[in-house]
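Here's the structure we're looking at; comments come further down.
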Amino acid sequence: MRLGITGLVLLIACVTWQVFGRYVLNNTPTWAETFALLLVLYVTMFGVAVGVRDAGHIGLESLLVLASEKVRTRMEYVIHALVLVFGVIMCLECASLAKSVWGYNLPTLPISEGWRYVPACIAGVLIVLFSVEHILNMATGREIESN
């Protein structure tokens, strides 16, 4: 969460500098837009991981409320297992994408194009860890404390 907030602050500063450069200095910094887009990816992916941690992902809770406690518990295990599988696939595929474009640089920044896929890979790992945490806590009867 702190990394996401830090990224959001950097994003605001970057866009502010871009607007200031364009309208006040009449000299738009070319790197600012690319850097801002990269920051959006990082902030979004860390936000997604936090959403999984807090169980804020999309779910069909209206159907689960109607089910018995036994069915509800089983379905929650299935949901967390599916989210875990999604996290594994997301991490592996984004790592593959990052590797495939690592030799190319971003147009206005001296860094690899692969950095665009790194946040989704990190978020995939975090989603897996948070899903495992949910499953273990359900098995032991403990609640996850939200941040």
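What follows is calculated from the coordinates using simple rules that are stated; it is not laboratory data. Please read these numbers as outputs of a predicted model, since none were measured by experiment. As a convention, Cβ positions derive from the backbone with ideal geometry for all residues, glycine included, and neighbour counts pool all protein chains shown.
Within the listed set Leu109, Leu97, Leu63, the Gaussian network model of the chain (springs between alpha-carbon atoms below 10 Å) gives the highest mean-square fluctuation for Leu63.
Give me Tyr117, Tyr23 ranked fewest to most by other Cβ atoms within 10 Å of their Cβ, as a rough exposure proxy. If you can, show how the numbers build up before the last one.
Values: Tyr117 22, Tyr23 9.
The order, fewest Cβ neighbours first, is Tyr23, Tyr117.
At a Cβ-Cβ separation cutoff of 4.7 angstrom, cysteine residues of the chain with no neighbouring cysteine are Cys14, Cys91. Its Cα centre serving as origin, region 2-140 has a Cβ charge dipole (Lys and Arg +1, Asp and Glu -1) of approximately 80 debye. Only Cα pairs under 8 Å and 6+ residues apart enter the sum, and on that basis the relative contact order of the chain stands at 26 percent.
Look at Thr140, Thr6 and count the other Cβ atoms within 10 Å of each Cβ; fewest to most, that gives Thr140, Thr6.
Here the label points at Leu129 and Glu93, each 7 Å from Cα along the C-beta direction, are separated by 2.3 nm in the simple model. Scanning residues 5 or more positions from Thr28 or on other chains, none has an amide H under 5 Å from its amide H, with H placed 1.01 Å from N in the peptide plane. Under the simplified labelling scheme, the Leu82-Ile12 pair shows an inter-label distance of 3.7 nm, with each label point 7 Å from Cα along Cα→Cβ. For Asn105, the residues whose modelled amide H falls within less than 5 Å of its own, excluding neighbours fewer than 5 places apart on the same chain, are Glu113. In order along region 69-76, the phi-based Karplus estimate (6.51 cos²θ - 1.76 cosθ + 1.60, θ = phi - 60°) of 3J(HN,Hα) comes to 4, 5, 5, 4, 5, 4, 5, 5 Hz; Gly and Pro are listed as x. A simple rule links phi to the HN-Hα coupling: the Karplus curve 6.51 cos²θ - 1.76 cosθ + 1.60 with θ = phi - 60°, which for region 106-118 gives 5, x, 10, 10, x, 10, 5, 4, x, 5, 6, 9, 4 Hz, with x for Gly and Pro.
Let me have the 222 nm mean residue ellipticity of the chain computed from DSSP H runs of 4+ only, each contributing -39500 (n - 2.57), with the sum over all residues rounded to the nearest 500.
Numbers: 5 runs with 108 residues, N = 147.
Computed mean residue ellipticity for the chain: -25500 deg cm²/dmol.
In sequence order, region 81-89 has phi-based couplings of 5, 5, 5, 4, 4, 4, x, 4, 4 Hz under the Karplus curve 6.51 cos²θ - 1.76 cosθ + 1.60, θ = phi - 60°, and Gly or Pro positions carry x.
Shown for Ile12, Ile127: other C-beta atoms within 10 Å of each C-beta, ranked fewest to most, produce the order Ile12, Ile127. The residue among Gly47, Asn27, Thr16 whose Cα reaches farthest toward the positive pole of the charge dipole of the chain, with charges on the beta-carbon of Lys, Arg, Asp and Glu, is Asn27.
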